[in-house]
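The structure appears below as structure tokens.
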Amino acid sequence: MSTLYLVATPIGNLEDISARGLCVLREVKLIAAEDTRQTNKLLQRYDIHTPSLSYHEHNKLVRLERVLEALQGGDVALVSDAGTPALNDPGYELVRAVIDAGHIVSPIPGACAPVAALVASGLPTDSFLYLGYLPRKSSERQSLLISVCNLPYTLIFLEAPHRVLASLEDLQSILGDRKIALGRELTKLHEEIFRGSLSQAFQHFTDNPPRGEFTLVVAGKTIQVERWTEDHLNSELQAHLTLGEPASKAAAKLAVTSGWSRREIYQHLLKIQGKIGS
């Protein structure tokens, strides 16, 4: 069986592609590209001459059979305009069809705008919800935000520059004045990451008209937890230590339910361990 490689390509800086990704693009029989003109810039930069075929939102069902036929004679790579293919880009249907046909699907990791923005945002990264582009119409956008407003996860959205201000207004209206990080033109020459509250972001981009593609990273809802008494906390800590759980792991778990910060819990753990060792 042949392999369909999902090759992540740069989201801006053309050097952000792995050595393995370049090797795969050279060795496959065909590259299925969302925009062959955009992909050709990358291929020319690295002197790659593999034949390419357009595979985009408007022809994906027609071209699906062509890609499956190509897999009968060798491996194929799927790439999007930028970033990780099949994530907010055409590809899901192809991946499903390739799996059903008995071929192998192999991801070649690399650039991904939502993940890049998340890790640079300064907001929690341990649990997040990626929702792609916000709806264009305000009523639909507000309905989506209402459905996620009570979730504790960091929220990630994509947005076009001409809708950024309207989206910031709806975000603040529905979610409140939460913290946000907006990544603009990530990895490119004019990369900018704005961090602040939603109201501050609205003011900043009112004064500085938005340009380029945006990734919005918004804080999740803060869950108010009733703070345990010190005796209750110490009792739970003793239980975790008895089970042999690492101190850092125990502190992280109890910080979710106890109302105490991870740092405070870790300090208590050190005290308890000191008493046990003395």
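The values are calculated or read from the model by the stated rules, or taken from the named source; none is laboratory data. These numbers were taken from a predicted model, which means no experiment stands behind them. Methodologically, a virtual Cβ is constructed for each residue, glycine included, from the backbone with ideal geometry; neighbour enumeration extends over all protein chains shown.
Give ALA160, ALA181 a once-over and let me know the one that is exposed (fewer than 15 other Cβ atoms within 10 Å of the Cβ) and assigned by TED's automatic domain parsing to the domain that holds PRO210.
Numbers: ALA181 fails: exposed (fewer than 15 other Cβ atoms within 10 Å of the Cβ).
It is ALA160.
Out of all the residues in region 154-166, is one or more of a type outside the set (A, V, I, L, M), out of contact with any His (no Cβ under 8 Å at 6 or more places or on another chain) and touching a residue at least 60 places away in the same chain (Cβ under 8 Å)? Explain how you work it out, then say what you get.
Step one: list which residues in region 154-166 are of a type outside the set (A, V, I, L, M), which gives 154, 157, 159, 161-163.
When the remaining residues are screened for being out of contact with any His (no Cβ under 8 Å at 6 or more places or on another chain), the result is 154, 157, 159, 161-163.
Of the ones still in play, those that are also touching a residue at least 60 places away in the same chain (Cβ under 8 Å) are 154, 157.
Within region 154-166 (the criterion being of a type outside the set (A, V, I, L, M), out of contact with any His (no Cβ under 8 Å at 6 or more places or on another chain) and touching a residue at least 60 places away in the same chain (Cβ under 8 Å)), the answer is yes, since at least one residue qualifies.
Could you say which residue among SER173, SER147 is surrounded by fewer than 16 Cβ atoms within 10 Å (Cβ to Cβ), within 26 Å of GLY83 (Cβ to Cβ) and free of Cβ contacts under 8 Å to residues at least 40 places away in the same chain? Give the steps one after another, and end with the answer.
Details: SER173 fails: within 26 Å of GLY83 (Cβ to Cβ).
Of SER173, SER147, the one residue that is surrounded by fewer than 16 Cβ atoms within 10 Å (Cβ to Cβ), within 26 Å of GLY83 (Cβ to Cβ) and free of Cβ contacts under 8 Å to residues at least 40 places away in the same chain is SER147.
Which number in (1) in a loop (DSSP other than H, G, I, E, B); (2) buried (at least 19 other Cβ atoms within 10 Å of the Cβ); (3) out of contact with any Asp or Glu (no Cβ under 8 Å at 6 or more places or on another chain) marks the one condition that PRO85 misses?
PRO85 satisfies all of (1) in a loop (DSSP other than H, G, I, E, B); (2) buried (at least 19 other Cβ atoms within 10 Å of the Cβ); (3) out of contact with any Asp or Glu (no Cβ under 8 Å at 6 or more places or on another chain) except (3).
Being touching a helix residue (DSSP H, G or I) at 6+ places or on another chain (Cβ under 8 Å), within 30 Å of SER2 (Cα to Cα) and either surrounded by 15 or more Cβ atoms within 10 Å (Cβ to Cβ) or among the basic types (Lys, Arg) (or both) is the filter here; which residues of region 96-142 pass it?
ALA97, VAL98, HIS103, VAL105, ILE108, GLY110
Can you pull out every residue in region 1-44 that is surrounded by 14 or more Cβ atoms within 10 Å (Cβ to Cβ) and assigned to a loop (DSSP other than H, G, I, E, B)?
Hits for region 1-44 are SER2, ALA8, PRO10, ILE11, GLY12, ASP16, ILE17, SER18, VAL28, LYS29, GLU34, ASP35.
Can you tell me which of (1) in a loop (DSSP other than H, G, I, E, B); (2) within 27 Å of LEU14 (Cβ to Cβ); (3) in contact with a Lys or Arg (Cβ under 7 Å, 6 or more places away or on another chain); (4) not β-branched (Val, Ile, Thr) is the one LEU186 doesn't meet?
Failed condition: (3).
The conditions are (1) surrounded by fewer than 17 Cβ atoms within 10 Å (Cβ to Cβ); (2) touching a residue at least 24 places away in the same chain (Cβ under 8 Å); (3) polar (S, T, N, Q); (4) closer than 27 Å to SER139 by Cβ, and THR215 fails exactly one of them. Which is it?
(1)
Every residue, every condition in (1) surrounded by 12 or more Cβ atoms within 10 Å (Cβ to Cβ); (2) modelled with pLDDT of 80 or more; (3) assigned to a helix (DSSP H, G or I), yes or no:
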position: LYS221; (1), (2), (3): yes, yes, no
position: VAL225; (1), (2), (3): yes, no, no
position: GLN238; (1), (2), (3): yes, yes, yes
position: GLY244; (1), (2), (3): no, yes, no
position: GLY259; (1), (2), (3): yes, yes, no
position: GLU264; (1), (2), (3): yes, yes, yes
position: HIS268; (1), (2), (3): yes, yes, yes
position: GLY274; (1), (2), (3): no, no, yes
